[in-house]
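The next block holds one structure in the form of structure tokens; read it before the comments.
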């Protein structure tokens, strides 16, 4: 019994000591989600949003380059990688926006089908 408790304690401590591993696509998805939430956040000012989106654009660009060149995605997460590359316009926001010579926010809104008039008539709801 003591041996079982000791073994359980050791396994529990090892499990909590191991870092969480995320692949490059997971990191990109997390950063993109943060950028989109900041982009849509009504509680921050326009200059704050603009400043955040510029720094986010740099991080997204770097992470997108990493994902594009990551050969391990084929074996570690083939379905997620396939889905990501099939929806290139939304997954690789900074690259797709640069190809169209647009800002990330403008590119995202157009890709999901939002226009300026849609945004102007929208109501905030929570």
Taking 7 Å along the Cα-to-C-beta vector as the label spot, tell me the residue 106-residue 48 distance in nanometres, rounded to one decimal.
-> 2.5
Which value in nm describes the separation of the simple spin-label points at residue 69 and residue 99, placed 7 Å from the Cα toward the beta carbon?
-> 1.9
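Suppose R0 equals 35 Å. What FRET efficiency, 1/(1 + (r/R0)^6) with r the Cβ-Cβ distance, do residue 87 and residue 55 give to the nearest 0.05?
Calculated value: 0.90.
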For residue 76 and residue 117, compute 0.36 nm times the residue count separating them, minus their Cα-Cα distance, and round to one decimal in nm.
-> 10.5 nm
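Since every read-out is calculated from the coordinates, none of them should be taken as a lab result. From a predicted model like this one, the values you see are computed outputs, not experimental measurements. Glycine also receives a Cβ, built like all others from the backbone with ideal geometry; neighbour counts cover every protein chain displayed.
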